[in-house]
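Peer 1: Okay, handing you the structure first.
Quick note: the coordinates plus some simple rules give every number you see, no bench work behind them. These figures come from a predicted structure and were not determined experimentally. Note: ideal-geometry Cβ built from the backbone for every residue, glycine included; neighbour counts use all protein chains shown.
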Amino acid sequence: MKNSDQKFQHRRRGLLFFLALFLLLLRASGSIEAQEHPNSPVFKDYKPPSPTALIKPSDLDYELWENFMLIRSANSGDAASQHELGLRYFLGKGFPRDTVRAAYWIHKSAEQKFLIAEYNYGVFLNNGWGVKWNPFEAFSYFDTASQRGLAEAEFMYGIFFTDNLAVPRNLDTAYHWVKKSSIAGYEPAKEVLAQLEKRGIHENSDSTSANNLAADSSGTAATPSKQLTQQKAAPQVLEPVLLDFNSDTASHVDDLTLLKEALREGSPEFRNALGMVNIFEDSSQIANGAKGHTDSSILAVVRRAADEGSPEAQTVLGRMYERGIGVRKNSLHAAMEYINAIRLDSRRAPALLWRLIHTKNFMDAVTAKTVKNDPEAEYVLAGLTAIGFDYDLNGTQAFQLLQAAAAQNFLPAIVETGNCYFSGRWVTQDKKKAMDIWNFAASLGSEEARIRYAASSVVASVGSDVDSLSIAFLDSASQKGSVLAEVALAYCYETGSGVAKDTGEAVRLYRSAAQRGNQSAYRGLQRMYDAIRPKGKEFQVVEE
């Protein structure tokens, strides 16, 4: 028994000595301030190389020993160990999650030309994770790694030539590198390559012409503003902005695409209610109830998401009214939802609206209802004038229609009246009056008006105290799908208004909104890129 106790005490002292030595080395590895980045999707499929892949998670002694050896190897200058240690800090595997230490060790590895580390450090730079955000330095790392044949880097290097942010847009170069990555088997590259080819971009294609193909088959511009498109480029990479240089025409906007985009950008409630039900392919699924949801519940969720300010949900709702899916067919309702979506820079709604208003008798019916002071018809006719789809009215006449509809407490018209005063379109600019109008609309139940009021209040308060309740509200609205709230929140993180300044988070939010088509978000990205743009010729871009 005595010998057994001695062995136990000896083993205990040995383990305590080991733990003390482990903590000492851990501290010596660099006194870097901790910075957590929870739920980061990067490297979620990462699998450690052999023999670490054989470690049993329950074997605590072995895990402690392995981490001890990894730190010792990284400190001795082994590039692979440095990279591995960085990933473990990033994932919180065996160490507290710490993006600063993760970036530190991956950078150390990249400095030794460890190929995967060069690419991964570029990801950290481009997202501002644990390091100061610097997309230009990230571009250089992607360039280096792509020249060495890493498929992921080839893809990202090519994507940089599509958005006209870090480097000038060059679709020939983009196609070349995305194709190389695709040939190497990288799945996100295959998807983007198909997208490029769908838009007429091929090796040595005329990039300038391709950029100007944003017209439908009738030769009319499919949208009055530049558009951006979301592409499924490996969210674990960095979700780059890809400019929709050849907007989908009406014939190319399929219903399943509309639904998938709405599901992707929607709130958890929206996704759970609809699931992957293709409400356009089989309307009986809504009529009879799909996955435990009734007709009214699914429609209510779509409407709620549209009211929250999701242009994707507004477009889906417009399409449901246009085709009579789960609701009674109503072209005027459809046009109104498409116009609402266009006000939020929807990429899909312009082509759908253009086709709708050119259907037989549509404009005659709208005009006839306008004569009868129908507020929805007045709003639609004013909206068509505002976006340049109808030139029969001048600005003064269009604004009079809005006022007539607003006088009947038609909420979309009230909100749009506020928009006019805020921007100075058709009237003398008066931002205070705009906010009073939005406040009134919010009191009547307009969620969009409430979001616009909160967003404008936050922006106007830059440099002074910002209401924390407004920040919390915008955060909640953003998570529910409001693109306006997303942009406003990005501005808060960019300027440090009401929140701790976080460039990486600002970029993430701006990118997300820009991918959905929002032009304010894209301009926000341009502003942030220009603020740190190097003087090198390769980084000089011309605004289009």
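Peer 1: Structure shown: which of Lys132/Lys480; Lys93/Lys132; Lys180/Lys260; Lys198/Lys260; Lys372/Lys480; Lys113/Lys180 lie over 26 Å apart, alpha-carbon to alpha-carbon?
Peer 2: Lys132/Lys480; Lys180/Lys260; Lys372/Lys480
Peer 1: Right, something else. Taking the Cα centre of region 501-541 as origin and charging only Cβ (+1 Lys, Arg; -1 Asp, Glu), how large is the dipole, in debye to the nearest 20?
Peer 2: 80
Peer 1: What ranking do Met69, Met528, Met156 get, fewest neighbouring Cβ atoms within 10 angstrom at the top?
Peer 2: Ordered by Cβ neighbours within 10 Å, fewest first: Met69, Met528, Met156.
Peer 1: Kirkwood-based Rg over Rh for region 330-387 (C-alpha set), two decimals? Before the final figure, lay out the partial values.
Peer 2: Values: Rg = 10.6 Å, Rh = 11.3 Å.
Here Rg/Rh amounts to 0.94.
Peer 1: While we're here: Under 14 Å from the Cβ of Glu378, count the other residues' Cβ atoms, weight Lys and Arg +1, Asp and Glu -1, and hand me the total. Kindly include the intermediate steps, with their values, before the conclusion.
Peer 2: Working: positive: Lys369, Lys372; negative: Asp374, Glu376, Asp390, Asp392, Glu416.
So the surrounding residues net to -3.
Peer 1: Give me the net charge of Glu337's neighbourhood, meaning all other residues with Cβ under 12 Å from the Cβ of Glu337; Lys, Arg count +1, Asp, Glu -1.
Peer 2: 0
Peer 1: Something else now. Going by the alpha-carbon gyration tensor, a ≥ b ≥ c the square roots of its eigenvalues, is region 107-150 rounded (a/c under 1.5) or, if a/c is not under 1.5, prolate (a/b greater than b/c) versus oblate?
Peer 2: oblate
Peer 1: Okay, moving on. Classify region 94-184 from the C-alpha gyration tensor, please: rounded if a/c falls under 1.5, else prolate or oblate depending on whether a/b exceeds b/c.
Peer 2: prolate
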